[in-house]
1. Sequence neighbours fewer than 8 away in the same chain don't count; with that in mind, list the lysines whose C-alpha is under 28 Å from K128.
2. Could you derive backbone 3J(HN,Hα) for the stretch 111-128 from the dihedral phi with the Karplus parameters 6.51, -1.76 and 1.60 (θ = phi - 60°), listing whole Hz in sequence and x where the residue is Gly or Pro?
3. What is the calculated FRET efficiency for T29 to S115, with r their C-beta to C-beta distance and R₀ = 35 Å, to the nearest 0.05?
4. Contour minus end-to-end for N108 and Q124, with contour as 0.36 nm per residue of separation and end-to-end as the Cα-Cα distance?
5. Decide, for the stretch 23-123, between rounded, prolate and oblate: order the square roots of the alpha carbon gyration tensor eigenvalues as a ≥ b ≥ c, take rounded if a/c falls under 1.5, and otherwise choose prolate if a/b is larger than b/c, else oblate.
Amino acid sequence: MNDVITPVSLDSASTVSFVEEYPSVALTTSTGLVFVKKTDILYCLAENSYTNVYLKGGRKVTVSKHLKRVEQALPSNTFVRIHDSHLINLQHLVRYVNDNHSCVFMTNGEELSVSRNKRKEFLQRFVKI
């Protein structure tokens, strides 16, 4: 039996569905790769050309990629951009408040701002009763 190994490009459209189905993601750090379950990611915050990924249990992983690149690697049905520097996992969203400024509260108690530019798109994701 001859097995043929074909290189896979992460930029190809055919790979995207496989990558999104896989439960974990590899986060590129300065020392290597950290594998985390997508469901463990609470939110991501941009910091210059780096992204801080906040996880369940209070862990934080600093990724040497821009937030846009991190956003592209995560499923768009679960992760949503609420600010130029904030990407949240909707599975960990607890509350949205629209007082003096719009913000969300996450399962870890963290409060994150929702920008005016992203608010409408964010709110359209929900069925309101």
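All of the numbers you see were taken from the coordinates with simple rules; none came from a lab. Because the structure is predicted, anything quoted here is derived from the model rather than measured. Methodologically, a virtual Cβ is constructed for each residue, glycine included, from the backbone with ideal geometry; neighbour enumeration extends over all protein chains shown.
1. Qualifying lysines at Cα under 28 Å: K38, K56, K118, K120.
2. 9, 10, 6, 10, 6, 4, 5, 9, 4, 4, 4, 4, 5, 5, 6, 10, 8, 9
3. For T29 and S115, the calculated efficiency is 0.80.
4. Here the segment from N108 to Q124 would lengthen by 3.4 nm.
5. Prolate shape, in that a/c is at least 1.5 and a/b is the bigger ratio.
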